[in-house]
Every structure is written in structure tokens, then in C-alpha cells.
Amino acid sequence: MVNTPAANLNAPPTIRHILVIDDDASIRDGCVLILTKQGFVVDTALNGAAGLDMIRQKQYALLLLDLKMPGLSGIEVLERIQHLAPELLVIVITGYATVEAAVDAMKRGAYDFISKPFTPDQLRIVVNRAITKMELENEARVLREEREKSLRDIATEKSKLRVIVNALVDGVLVINRENHIVLNNPAAAQLLGKTMESIVNKPLEHCIKDKDLSILPHMVSELQTKNLSAICREITLPSDAELHLRIHACPIKAEDEILGTVFVLQDISYLKKLDRMKSDFIAMVSHELKAPLTAIQQQIFTIAEGLLGVVTEKQNEALSRIKIRIDNLLTLIKNLLDLSRIEAGQIVQCKEPLQLNDIAQKVVELLSPQAAKKNIALHLKKAKNLPLIDADPNNMEEIFINLVSNALHYTPEGGHIVIKTGRQGEYVTIAVQDTGIGIKKEDIPRIFDKFYRVQSDQTRMVSGSGLGLSIVKGIVEAHFGKIDVVSQVGKGTTFTVSLPPKLNSI
Ligand code: ADP
């Protein structure tokens, strides 16, 4: 006996329903016996008309149809089934020497045939082949429907995404691996001075009319070469000095492979305008306060010196306290004015060839009395043959007065401060090293922020505005230099300023 699979009991019920139309009772009964054992539900009809009635009333998966019957012939039943139940699989049962009739029936839509007389195994094989074909067709249909649904879902998601991206006020540009624009929105197209349709699928470089936007391809290279997850740059478009952009770029990655880049172009012109207004306001208020405070300071000096009459000891003490407050206020005002000059790009007044050793010497002389008061040893180690730098002398003094004053403030009595000039690569350097309280690792990235002061028991006693280091950094950067800090809590801190040497002075 051939081992053929039984009917799939998990299949939908209709797939297990079989109809046998045959006028020969032994064939009908034989089919019922054999196929029921296989798990099929089998109905029978003894002629074509009765069979068609049953097909009208019930859904069958398979029809076993005798070709030669009284009344309606098998071929006539087959023709009617094409209209009545086109999905129904038909296996025709043919007599001896009627292969031609079987071929004819298959041309008319029958799926297979079986010749009389047939063995149970032959019947099982032909039925199971038909049922397997049907199951495969069903699976294929389900897959096709699922795929169509997924495609519809993707299309819906895509159109939702498109509406969201188009509604964004920030420009969005997505480029593929070949730097071709694959997605953009009206805001991005407007910033590029193009229409949305004219830039899609075009190389990014072709769409950049403003020279300064050529930063976009550079950002792509930077993301790739440095393997960064995001970068942000700010630019001012030369074509429109009032237009400031903040550009964010992120790589689109799939399993470490970069598929493209997303740019978000943010118009920050209004923020810049507000920032300018704030700086102008601070500069104006500071200026207005400076003159009367300077006058008060002079008046106090006149009184304290006894030029307006004898001053009692108590009055003198009060005057000293007032003087300290006024001095602090004037320092704050000076710092605020410096900051607004840095922000306006006006901090460097006049550059001239300078020897850093001379500046360091001057600062050491200026602050030595303060160091002596705290019993702190202040050393200067000058490098020989130090190249000149091209810098504003007032700015340079301000930097090192700030750094050495900080070292004095944050170094306990009996400590050491060393100021050391030297060279590092292409830079001229000056390092201010102390044996003070040090700065915690988590505070280091913030000490150059405006108004940032480390909060601790040791720093509480030192008065300050938290502006000193941000001014130092601003001045250093205005001279194309950099500032680094290395610190260890409880051991000390070293600030190193590196400045480019004057051209032709190396
Ligand atoms: P200020 O000294 O007015 O607070 P700064 O901007 O000069 O502001 O310094 C910021 C912070 O950095 C300070 O509050 C201090 O905590 C820390 N700092 C600066 N220099 C040193 C130093 N040499 N040693 C330890 N801490 C320092």
C-alpha cells in the first residue's frame, strides 16, 4: 500500500469536503470508504443534476466526476461548474480506453483524471495530489494577501511620514550612500533656494547654490571618518548675513553600515538676534553703571585718605568694606563688558609682536605681593628662544592675570605656583601649574561656561562671578589658540594656553 498523507485536519473544513458524482454505486461507496478513512468528509450524488444541486448548496474542495453518466454527461457538468464554482478542483473518472475523453475534460478545466477500475492507493494518490495543490495555492494566496497588506501599510506609513516631514518648520534632507537627495521637505528646499521636486534624486553638491552650504558634504565625510553618531555646526550664509543656520547631521546605519545621512537645517536667526539684543543690553547697562561706580570709588578713596576731614577707625572699617564691594562690582562690570566684546568679535583691539616670557614676567611681578601674603611660592620658568606671538598685549595680560589669580585663590597657604613658557608642536605655550585644591573630573567640562562656579566648601570662601575662565577661553580663541586643563583633586591644576607663533618668527 502506498503511504500517502491523510487529509490535513488543520486545514479549513471546506478543504476536506469532497463530492463524488457517479452513477456507479460501487465507485461511490468505494470512494466514501477509502477517503473517509483518510479524514475527508465525502458526499455523493448519483447523477450530474443532483451533484450540481449539492455544489450550489455547499462548498467543496474537490469533485470526483464520472464522465459517462445517464442524463447530464460529465463534460456538461464540468462546463456548468466553470460558471457555478470556478475554484472547485475536478478529477474526472474515466472508463477504459477513454484517455482522449480525459484529455478533453482537462482542456475544459478538469485538474486530473483517474481511470476505472482504480485501486484504493491510486485514488488516494490522485486525491492527495489535488489537495496538496490546493493547500499550496491557499498558502500562496495568503502570502500574496499578506504581502499586499504590508505594501499598503508601508504606503500608508510613507504618506503619514511625508505629511509629518513636510509640516516641519526645520529643513530635512536625507541623502543616500552616493550623496543623492532621497527625501526633502519644503523648508529644506526653500533654504537651498530650489523646488522640492527639482532636487530629489539629484546629487547633493548640485543642489547647493550657497557656497557656505558646502559644509554639508564635509559633515558627511566627518561623520564617516570619525565614526560619529551625530554632529552639529552653525553657519551664517554669506548670501544673507541675517540668516544663521544650525545644521545637525546623523548617519543612517544598518548593522554598522552607513546607508546615508539625515540633515536637519534649523533657522536660528531669531535666536542670534535675541542673543545680540541681550549682549547689547548687558553692554549698555554695564557702561551706564561703570561711570557712577568709578566716581563712587574715587570719592571713597578721597574720604578714606582723610582729604575731606578726619575719619574715625569705625568709619574707616566701613569704607574698606564698601571699597571691597565696589571693587567686586567694577570687576564684574569689566568682565561683562569683556564678554560682550568677545561675542561681538571686538575683544582684540591691536595685535603686535609679543614675547610671552615678558608678559609672564610682568604678571608675576604684579601678583607676587598677593602670593607673598598667602605664603605661596610663585616661580617663573622661561623657555629660551621662544618665538614671538602676534597678540593684543592687554588681552594677554588679562589671560594670565586671570589664570594666576585663580591659582592663588584656589591654592592653600604654603603652596606653589609655577608659570612655565615653552613650545609644543607648532604652538607657543604657557602653563600655570598650582598645588591647589584641584577640580573634579565632572566639573572640568563646565568651568569654561559663563557664570559656572564649582560649588564646594573650599570654593565657597572665594568670591567670583564665574566669568574669568570663559573670558580667558574667548580671548585665546580670538587669537586662534586653545586652552587645556589637567587637574587632580587635592593635588593641583595646570592650565596650558597654546598660541600660534607670529608668522616668520620661528
Ligand atoms: P571664578 O573664579 O570667578 O569662580 P572662573 O571662571 O575663573 O570663575 O573659574 C570657574 C571655576 O573653576 C571656579 O569657580 C573654580 O571652582 C574653578 N577653578 C578655576 N581655576 C582653578 C584652579 N586653579 N584650581 C581649582 N579650581 C579652579
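Derivation of every value follows stated rules applied to the coordinates shown; laboratory data play no part. Since the structure is predicted, the reported quantities are computational estimates derived from the model, not experimental observations. Because the Cβ atoms are built from the backbone with ideal geometry, glycine has one as well, and the counts that use them run over all protein chains shown.
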>> About the Cα centre, and with charges only on the beta carbon of Lys, Arg (+1) and Asp, Glu (-1), how big is the dipole of segment 51-205? Nearest 20 debye, please.
In response: 160 debye
>> Can you give me the angle between helix 74-84 and the longest principal axis of the chain, using Cα atoms only, in degrees from 0 to 90, rounded to the nearest 10?
In response: 30 degrees
>> Nearest 10 degrees is fine. How inclined is helix 313-343 to the longest principal axis of the chain, computing both from alpha carbons?
In response: 50 degrees
> Which shape class, rounded, prolate or oblate, goes with the chain when its Cα gyration tensor gives a ≥ b ≥ c as root eigenvalues, a/c under 1.5 marks rounded, and past that a/b bigger than b/c marks prolate?
Replying inline: prolate
> So for the pair Met106, Thr312, with labels modelled 7 Å out along Cα→Cβ, what separation do we get in nm?
Replying inline: 13.0 nm
> Can you list the lysines whose alpha carbon sits under 24 Å from that of Lys314, skipping same-chain ones fewer than 8 residues off?
Replying inline: Lys323
> What angle do you read, to the nearest 10 degrees and between 0 and 90, between the alpha-carbon axis of helix 120-167 and the longest principal axis of the chain?
Replying inline: 30 degrees
> Taking R0 as 60 Å, what's the FRET efficiency between Glu145 and Val485 from their Cβ-Cβ distance, rounded to 0.05?
Replying inline: 0.40
> Where the centroid of each part is defined by its Cα atoms, how far is segment 112-145 from segment 189-205 in Å?
Replying inline: 58 Å
>> Take Lys253 and Arg152, extend 7 Å from each Cα along the Cα→Cβ direction, and tell me the distance between the two endpoints in nm.
In response: 3.7 nm
> Which value at 222 nm does the chain reach when only helices count, each DSSP H run of 4 or more adding -39,500 (n - 2.57), with the total divided by all residues and rounded to the nearest 500 deg cm²/dmol?
Replying inline: -15000 deg cm²/dmol
> So how strong a dipole does the chain carry about its Cα centre when Lys and Arg Cβ are +1 and Asp and Glu Cβ are -1, to the nearest 20 debye?
Replying inline: 1560 debye
> Local charge sum around Gly95 (other residues, Cβ-Cβ under 9 Å, Lys/Arg +1, Asp/Glu -1)?
Replying inline: +1
>> Just to verify a number: FRET efficiency for Leu380 and Gln424, C-beta to C-beta distance, R0 = 22 Å, to 0.05?
In response: 0.75
> Got a sec? Charge dipole of the chain, +1 on Cβ for Lys and Arg, -1 for Asp and Glu; which of Val182, Thr94, Val220 is way out at the positive end?
Replying inline: Val220
>> Loop only by DSSP, 14 or fewer other Cβ within 10 Å of the Cβ. Give me the GluC sites (Glu not before Pro) in segment 186-289 that pass, ordered by residue number.
In response: Glu242, Glu255
> On full extension of the chain, what length is gained from Lys441 through Asp121, given 0.36 nm per residue of separation minus the C-alpha to C-alpha distance?
Replying inline: 106.8 nm
>> I'd like the FRET efficiency for Leu33 and Glu135, computed as 1/(1 + (r/R0)^6) with the beta carbon distance as r and R0 of 22 Å, rounded to 0.05.
In response: 0.40
> With each label point set 7 Å from Cα along the Cα-Cβ vector, what nm distance links Lys209 and Asn227?
Replying inline: 4.1 nm
> Considering only Gln361, His206, Ala167, whose Cα is most displaced toward the positive end of the charge dipole of the chain, charges sitting on Cβ of Lys, Arg (+1) and Asp, Glu (-1)?
Replying inline: Gln361
> By the gyration tensor of its Cα atoms, with a ≥ b ≥ c the square roots of the eigenvalues, what is the shape of segment 399-481: rounded for a/c under 1.5, prolate for a/b over b/c, or oblate?
Replying inline: oblate
> Expressed in nm to one decimal, what extension gain is obtained for the pair Glu76 and Glu305 from 0.36 nm per residue of sequence separation less their Cα-Cα distance?
Replying inline: 69.2 nm
>> Net charge within 12 Å of Ser159 by Cβ-Cβ distance, Lys/Arg positive one each and Asp/Glu negative one each, not counting Ser159 itself?
In response: +2
> List the aspartates and glutamates whose alpha-carbon lies under 17 Å from that of Lys502, not counting same-chain residues fewer than 8 positions away?
Replying inline: Glu352, Asp358, Asp390, Asp392, Glu426, Glu477
> Shape call for segment 465-506 from the C-alpha gyration tensor, a ≥ b ≥ c root eigenvalues: rounded (a/c under 1.5), prolate (a/b greater than b/c) or oblate?
Replying inline: oblate
